[in-house]
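Data block below; observations after.
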Amino acid sequence: MKNKKAKIIIIIIIALLVLSSATLYLFLNSKRLVFEYDKVKEVSLNTKITNLDNIKNIKNGKILTEEAIIDTSKVDNLKITIEVEDYFKKIHAYTYNINVIDIEKPIITFKEKIESEKGKKIDLLKDVTASDDSNEDIEVLVEGEYDINKPGDYKLYYVAKDKSGNTAKEEFTLTIKEKKITTQNEIRPDATFTTSKGFSGVTKDGVTYIDGYLIANKTYSIPSSYGSGLTKETTNAFYEMKSAASLDGLNIYISSGFRSYNSQRIIYNNYVKRDGVDVADTYSARPGHSEHQTGLAFDVNIINDSFAGTPEAIWLDKNAYKYGFILRYPKGKTNETGYKYEPWHFRYVGKNLALVLYNNGNWLTMEDYFGITSAY
Ligand SMILES: [Zn+2]
């Protein structure tokens, strides 16, 4: 009997123990700390986040760490630690990583169309800038091929790459134009001046005279309306010279005499089309700059290099000065006259100056003698 009672008591105690244990287990379990977060979080540059934005779910705990803004202004790997106090006042530390990544390509500021002149050096990066959300210095490169000596449109690219490999590529057009031709439609203003060799010069109604001699070269233009034919003195002197040459058995004739501004414009423009401005300028005058428009100059016989060395060319070289003519563009004087050697081109200056410039067969140029330039 006694034994049976004791048995019952033990069973009750065991039952109570099991029950209380279960209750305690359930109680503790319900109070257990639950904490969820991404162990590695990727964010783009300059994303606005705090250290607590990555915490998704927390139960039965209190975050001790204060909220703070994360610096995402540069590409970086950041270690963030959060402290949480659980139900039993125990403190837990949780650590996670924030990878700040750059996924934006740089922004290039540029001009879509660039124009330049043939032969002119050009800095294609002059007004180009690149910026990136990473705040790093971005180098811009030009991709594509072009030739500053070949007029045309070139499709080129600006390329900018940031350290994370994000690449921006922007297309632009480079237009190389033919050199601008400064045609002298403008009339030179009236002026008086002294040349570097002390001669007095005067510009009146757009025409420049130095020591009384009309000058038309690359520096000194004449108005488009100027001239109507070879001057009487020029024609008379030419026939005098022609007669003298015929006595020596030579036939000298004018192949190209007076040329108006307009006809010079057509001739010059055709040369530019064929050879380009640079080459055309070595042998043909721009309109308003031609000596043929002055009525004082002409080309004889064959107007090309084959004329050099012919009996007529040799005779003219030795005798033209006697009739008031000068060989206007002598050999080796391109730097002074602005033109290559032209054995066929003669200019009337009168016998006095012609004798001086003949210089015993070693021709002086008007530019050298007067101390003036001939350049556009
Ligand atoms: Zn000529």
Legend entry - strands (runs of 3 or more DSSP E) (entirely within the stretch 143-255) containing at least 2 residues that are more than 27 Å from the chain's Cα centre (by Cα) and surrounded by fewer than 17 Cβ atoms within 10 Å (Cβ to Cβ): 191-194, 200-204
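Please go through the stretch 317-336 and pick out each residue that is away from the ligand (no atom under 16 Å from the Cβ) and either within 19 Å of LYS218 (Cβ to Cβ) or not assigned by TED's automatic domain parsing to the domain that holds SER246 (or both).
GLY332, ASN335, GLU336
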Legend entry - Residues that are surrounded by 15 or more Cβ atoms within 10 Å (Cβ to Cβ), of a type in the set (S, T, N, Q) and more than 15 Å from the ligand (Cβ to nearest atom), drawn from the stretch 256-270: ASN269
Inset, instruction - Taking the options TYR339, TYR369, name whichever one is within 15 Å of the ligand (Cβ to nearest atom), of a type in the set (Phe, Trp, Tyr), out of contact with any Cys (no Cβ under 8 Å at 6 or more places or on another chain) and over 20 Å from TYR239 (Cα atoms). - result: TYR339
Inset, instruction - Go through the residues of the stretch 279-287 one by one and say whether even a single one is within 13 Å of the ligand (Cβ to nearest atom) and crowded, with 20+ Cβ neighbours inside 10 Å. - result: yes
Inset, instruction - Kindly indicate whether any position in the stretch 356-367 is assigned to a helix (DSSP H, G or I), touching a Ser or Thr at 6+ places or on another chain (Cβ under 7 Å) and of a type in the set (S, T, N, Q). - result: no
Legend entry - Residues satisfying the stated conditions in the stretch 27-51, i.e. within 30 Å of PRO106 (Cα to Cα) and either in contact with a Lys or Arg (Cβ under 9 Å, 6 or more places away or on another chain) or assigned to a loop (DSSP other than H, G, I, E, B) (or both): ASP38, LYS39, LEU45, ASN46, THR47, LYS48, ILE49, ASN51
Legend entry - Flag for PHE88 being surrounded by 10 or more Cβ atoms within 10 Å (Cβ to Cβ) and under 30 Å from GLU136 (Cβ atoms): no
Legend entry - Residue in the stretch 35-71 that is surrounded by the most Cβ atoms within 10 Å (Cβ to Cβ), counting only those that are of a type in the set (Asp, Glu) and over 47 Å from the mean Cα position of the chain (by Cα): ASP53
Legend entry - Residues of the stretch 327-350 classified as over 18 Å from ASP305 (Cα atoms) and not in a helix (DSSP H, G or I), total: 4
Legend entry - Within the stretch 290-306, considering residues that are assigned to a helix (DSSP H, G or I) and within 12 Å of the ligand (Cβ to nearest atom), the one nearest to TYR261 (Cα to Cα): GLN293
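So, PHE346, is that one in contact with an Asp or Glu (Cβ under 9 Å, 6 or more places away or on another chain), touching a residue at least 60 places away in the same chain (Cβ under 8 Å) and of a type outside the set (S, T, N, Q) or not?
The answer is no for PHE346.
The values are calculated or read from the model by the stated rules, or taken from the named source; none is laboratory data. Fair warning: this is a prediction, and the values are worked out from it, not measured in the lab. Note that each Cβ is placed from the backbone with ideal geometry, even for glycine, and that neighbours are counted across all protein chains shown.
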